[in-house]
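Student: Supplied in structure tokens, the structure appears directly below.
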Amino acid sequence: MHELSIAVSLVESAEQAARRAGARRVTQVFLRLGALSGVAKEALLFSYDIATAGTLLEGSLLVIDDVPVVLRCDACRRDVTLPGIQDFRCPLCGRPTAQIVAGRELEITGIEVEVADEASPQPTGCV
Ligand SMILES: [Zn+2]
């Protein structure tokens with residue numbers, strides 16, 4: 001299951017970004033996942049829970065934005081979104097095309113973090 005190693009590297013890069021931001025906890029990670037990325041979404045979500053254990057991301061939510069396959073069709077002179085990944089033909093004219101514009105994405109687009117402990121009152125007055 002290579003999703004676990006993918007989840008581990010996602011968690012590592014998100015944790016680095018969180019530490020740079022001075023975060024104490026990551027609450028959400030936003031990921032763009034292309035239909036051609038070769039990653040099984042369910043397996044990735046499952047692996048994510050394992051990979052986040054003991055990190056700043058423990059208990060956080062992985063929010064996956066599914067990116068469909070987009071092909072460029074020379075005949076139609078436009079980019080067309082495929083309904084699936086079975087058939088690499090332009091859905092408009094039926095010609096096969098191998099120019100993939102989108103669908104291979106596997107990237108973190110953002111993280112949501114907690115910088116301070118919002119559950120406890122902030123110290124006021126002289127410190
Ligand atoms: Zn076409």
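Student: Scan region 38-93 residue by residue and report those that are closer than 21 Å to Glu112 by Cβ and assigned to a loop (DSSP other than H, G, I, E, B).
Tutor: Across region 38-93, the qualifying residues are Ala53, Gly54, Thr55, Leu56, Leu57, Glu58, Gly59, Ser60.
Student: Hey, can you tell me all the residues within region 32-50 that are more than 17 Å from Ile100 (Cα to Cα) and of a type in the set (Gly, Ala, Ser)?
Tutor: Passing the criteria: Ala40, Ala43, Ser47.
Student: Would you pick out the residues in region 1-48 that are exposed (fewer than 13 other Cβ atoms within 10 Å of the Cβ) and within 26 Å of Leu71 (Cβ to Cβ)?
Tutor: Within region 1-48, His2, Gly38, Glu42 qualify.
Student: Applying the selection to region 49-65, what residues are crowded, with 21+ Cβ neighbours inside 10 Å and within 11 Å of the chain's Cα centre (by Cα)?
Tutor: The answer is Leu62, and nothing else.
Student: Moving on to the next point. Residues of region 83-98 being within 11 Å of the ligand (Cβ to nearest atom) and not basic (Lys, Arg), which ones?
Tutor: Correct list: Cys90, Pro91, Leu92, Cys93, Gly94, Pro96, Thr97.
Laboratory data are not the source of any read-out in this text; all were calculated from the coordinates shown. Not measured: the values here are computed from a predicted model. Here Cβ is always computed from backbone atoms with ideal geometry, including for glycine, and neighbour counts include all displayed protein chains.
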